[in-house]
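Taking it in order: structure first as structure tokens, then the write-up.
None of the figures in this text is laboratory data; all of them are computed from the coordinates on show. What you see is a predicted model; the values in this text were computed from it and never measured. So basically every Cβ, Gly included, is an ideal-geometry build from the backbone, and we count neighbours across all protein chains shown.
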Amino acid sequence: MAVTPRTTLEQWATLAAVVDEGGFAAAGDALDRSQSAVSYAIQQLQAALPVPLTEHKGRRTLLTEAGTTLLRRARAVLGEVAALEALAASLAQGWEGELRLAADLIFPPALLYEALGTFGPVCRATRVEVVESVLSGTTEALLRREVDLAIVGQLPPGFLGTRLMAVEFVPVAHRDHPLNALGRAVTLEDLKRARQIVVRDSGSRRRIDAGWLGADERWTVSHIKTSIEILKNGLGFAWIPREHIAAELASGLLVQLPLAEGGSRRVDLHLVYADREAAGPATRELARILTALCARSVAGAGAA
């Protein structure tokens with residue numbers, strides 16, 4: 001009884017290399033194998049399958065429709081195997097199974113996304129939970145040991161931290177808002193008569209008020225994104241981190257209010273370990289990535 005030959009992952013990876021590199025010789029260079037070895041692997045792969053993978057058109061060798069379909073599925077399998085191998089390597093190095101990061105909402109979202117994007121491929125074995133918090137909520141998560149790392153605007157008692165960057169808050173409103181139509185500097189009395197949009201402190205023990213809160217009328221929301229949408233609809237003014245509204249400021253949709261005094265304020269952000277001594281390699285790696293990205297951002301802003 002004849003034994004049906006089986007395909008191997010190496011053969012499929014070789015076919016993918018031939019397609020990606022545009023030929024057998026280039027695939028051999030990419031795989032550090034001879035052209036004859038690449039050709040033999042493709043022959044063995046084809047011999048194990050009941051449908052043709054390639055066809056010749058002139059001097060070119062192209063995938064058939066069946067070959068395209070099969071290679072697409074093979075790439076998915078190869079990706080899963082690569083992820084499995086990376087997971088095994090991470091587990092062997094003792095990476096934590098879970099990592100929790102509390103990030104104050106004022107931290108620039110683009111930097112957070114870039115940090116997570118850099119961290120993900122390095123440590124596939126670790127699940128990441130990002131806790132978005134405001135003011136004392138970030139501190140509480142740290143004090144309760146509900147997170148491993150925290151990006152805070154104020155260092156809590158008993159903790160040391162690494163300064164990441166300063167976030168600048170500016171008072172803004174829609175370009176058609178009455179505060180932007182005064183034709184003069186905006187005063188304290190002007191602000192008192194306008195509606196202020198504020199973000200609620202996510203802490204449960206004590207609530208901290210940040211920013212000017214002297215308006216007679218105030219709307220409170222739970223997320224900076226909500227406050228920005230309200231501003232874009234012309235329904236009030238607010239203090240917003242400049243980086244969160246860079247596009248709206250550049251387009252002129254939102255305009256920084258020309259205050260008579262105190263036209264901006266700055267908050268220093270720090271990265272804090274819940275327990276530095278007990279921190280595992282994944283926690284330390286994410287901390288390293290965050291610190292490096294923030295240093296690069298600060299340097300870039302200084303150069304500009």
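Put in line by how crowded their Cβ is, counting other Cβ atoms within 10 Å and starting with the fewest, 190, 32 read 32, 190. This structure gives percent of Cα pairs over 32 Å apart, computed directly, and of [x] 34; [y] 51; [z] 26 that value is listed as [y].
Ranked by how many other Cβ atoms sit within 10 Å of their own Cβ, fewest first, the residues 134, 172 fall in the order 134, 172. Taking Cα atoms only, the orientation of helix 281-303 departs from the longest principal axis of the chain by about 60 degrees. If you take the beta carbon distance between residue 235 and residue 189 as r and set R0 to 25 Å, what does 1/(1 + (r/R0)^6) give as a FRET efficiency, to the nearest 0.05? With a Förster radius of 25 Å, E is 0.75.
In region 113-272, the DSSP beta bridges split such that about 70 percent are antiparallel, to the nearest 5.
Dipole of the chain (Lys/Arg Cβ +1, Asp/Glu Cβ -1, origin at the Cα centre): which of 262, 101, 181 lies farthest to the positive side? Comparing the listed Cα positions along the dipole, 181 ranks first. Amide H to amide H, with H built 1.01 Å from N, residue 240 comes under 5 Å of 170, 172, counting only residues 5 or more places away or on other chains. Scanning the chain for GluC sites (Glu not before Pro) lying in DSSP loops with no more than 15 further Cβ atoms inside 10 Å, the longest uninterrupted stretch between such sites is 1-145.
In a GNM of the chain with a 10 Å cut-off on Cα contacts, which of 194, 247, 150 has the highest mean-square fluctuation? Highest fluctuation among the options: 247.
Estimated from helical segments only, the mean residue ellipticity of the chain at 222 nm is -13000 deg cm²/dmol, where each DSSP H run of four or more residues counts as -39500 (n - 2.57). Note on region 9-92: with charges restricted to the Cβ of Lys and Arg (+1) and Asp and Glu (-1), its dipole about the Cα centre is near 300 debye. For the chain, the antiparallel share of DSSP beta bridges with both residues in that region comes to about 60%. Think of each Lys and Arg Cβ as +1 and each Asp and Glu Cβ as -1; about the Cα centre, that makes the dipole of the chain roughly 260 debye. Charges on Cβ only, +1 for Lys and Arg, -1 for Asp and Glu, centred on the Cα centroid of the chain; of 236, 7, 159, which one is farthest towards the dipole's positive end? Towards the positive end, the residue furthest out is 236.
Averaging Cα coordinates gives a centre for region 165-204 and one for region 228-279; these two points are 11 Å apart.
The residue among 36, 191, 49 whose Cα reaches farthest toward the positive pole of the charge dipole of the chain, with charges on the beta-carbon of Lys, Arg, Asp and Glu, is 191.
Residues of region 103-117 with backbone nitrogen within less than 11 Å of a virtual label 7 Å along the Cα-to-Cβ line of residue 301, please, listed as ranges. 107-108, by backbone N distance to the label point.
Full extension of the chain between residue 64 and residue 275 gives 70.3 nm of extra length, using 0.36 nm per residue less the Cα-Cα distance.
Among 60, 284, 184, determine the one that fluctuates most according to a GNM of the chain built with springs between C-alpha atoms less than 10 Å apart. The residue with the greatest mean-square fluctuation here is 60. Hey, what angle do you get for helix 9-21 against the long axis of the chain, alpha-carbon based, 0 to 90 degrees rounded to 10? Around 70 degrees separate the two axes.
Per the Kirkwood formula applied to alpha carbons, region 18-101 shows a radius of gyration over Rh ratio, Rg over Rh, of 1.14. If only the Cβ of Lys and Arg carry +1 and only the Cβ of Asp and Glu carry -1, the dipole of region 254-304 around its Cα centre is close to 140 debye.
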